[in-house]
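Worksheet: one structure, shown below.
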Amino acid sequence: MNNDTSIKDVMDKAIKQARKTMNENVGGPFGAAIIDHEGKIISVASNSVLKDHDPTAHAEINAIRAAGEKLGNHDLTGCTLVTTAYPCPMCLGAIIWSNIKHVIYGCRPKDADEIGFRDDFIYRFIRDEHPDKKVLNLDESFREQCLVLFKEYQEKEKTLY
């Protein structure tokens, strides 16, 4: 799927889903769709943070979950994610973990920031590499005990993902 009209149709579906659930107070103005390498839509989802009482229920995460369920696989290699906004740090992590290599987005982090979302703040927090303990206190503890668990996993040659 390389022509603009087809991608536009997919984005229109993501926008339509986001607008619907936004107006139902399910979540924010965020929608996402995942298509396979042939351009076939696998999933369309929107943000459902407010309805689900789940801060991880972003459109991209919901679309990835639905695509994984539909395909019966956690590996979405060859898929493209189309989303109404540049993915937040959490969603970027999920996109990378799912092996999606192509993302088409609408709004920028600054656009989300301008209407009150914290994406840009979180990007700045991560870039600074010296966390503000008023925002998040990261306390490394019990590393040795946890390394034993990691070593067990490695020795059992479990699936890496």
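The values are calculated or read from the model by the stated rules, or taken from the named source; none is laboratory data. Only a predicted model underlies this, so the values are computations on that prediction, with no experimental measurement involved. Note: ideal-geometry Cβ built from the backbone for every residue, glycine included; neighbour counts use all protein chains shown. The area values use the complete protein model at the heavy-atom level, side chains included, leaving out ligands, DNA and RNA. Shrake-Rupley method; radii C 1.70, N 1.55, O 1.52, S 1.80 Å.
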**Asked** Using modelled amide H (1.01 Å from N, peptide plane; none on Pro or chain starts), what sits under 5 Å from the amide H of A85, excluding residues fewer than 5 places away?
**Response** G31, G106, C107
**Item:** Projected area, mean over directions - the chain, Cα convex hull, nm²
**Value:** 11.7
**Prompt:** How big is the antiparallel share of DSSP beta bridges in the chain, given as a percent to the nearest 5?
**Reply:** 65
**14 Å beta-carbon shell around E114, net charge (K/R +1, D/E -1)** = -1
**Prompt:** Which whole-number percent is the relative contact order of segment 1-121 (Cα, under 8 Å, 6+ apart)?
**Reply:** 20
**Complete:** Computed over segment 34-109, the distribution of all Cα-Cα distances in 5 Å bins, rounded to whole %, is 3, 17, 30, 28, 15, 6, 1
**Message:** In Å², and per residue, what accessible area does the chain have when probed at 1.4 Å with the other protein chains present?
**Reply:** 69
**Asked** Hey, got a sec? Which chymotrypsin sites (Phe, Trp or Tyr not before Pro) in segment 115-157 land in a DSSP loop and have at most 15 other Cβ atoms within 10 Å?
**Response** F142
**Asked** GluC sites (Glu not before Pro), restricted to segment 48-116: which are DSSP loop and have at most 15 other Cβ atoms within 10 Å?
**Response** none
**Request:** Could you please state how large a percent of the accessible area of segment 7-138 is carbon and sulfur, counting protein chains only and using a 1.4 Å probe?
**Result:** 55
**Request:** Give the ranking of I126, I100 by solvent-accessible surface, highest area first, calculated with a 1.4 Å probe.
**Result:** I126, I100
**Request:** Collect residues whose amide H, placed 1.01 Å from N in the peptide plane, falls under 5 Å from the amide H of G78; neighbours closer than 5 in sequence don't count.
**Result:** K101
**Message:** For the chain, what does the helix formula give at 222 nm: sum of -39500 (n - 2.57) over DSSP H segments with n ≥ 4, over the residue count, nearest 500 deg cm²/dmol?
**Reply:** -14000 deg cm²/dmol
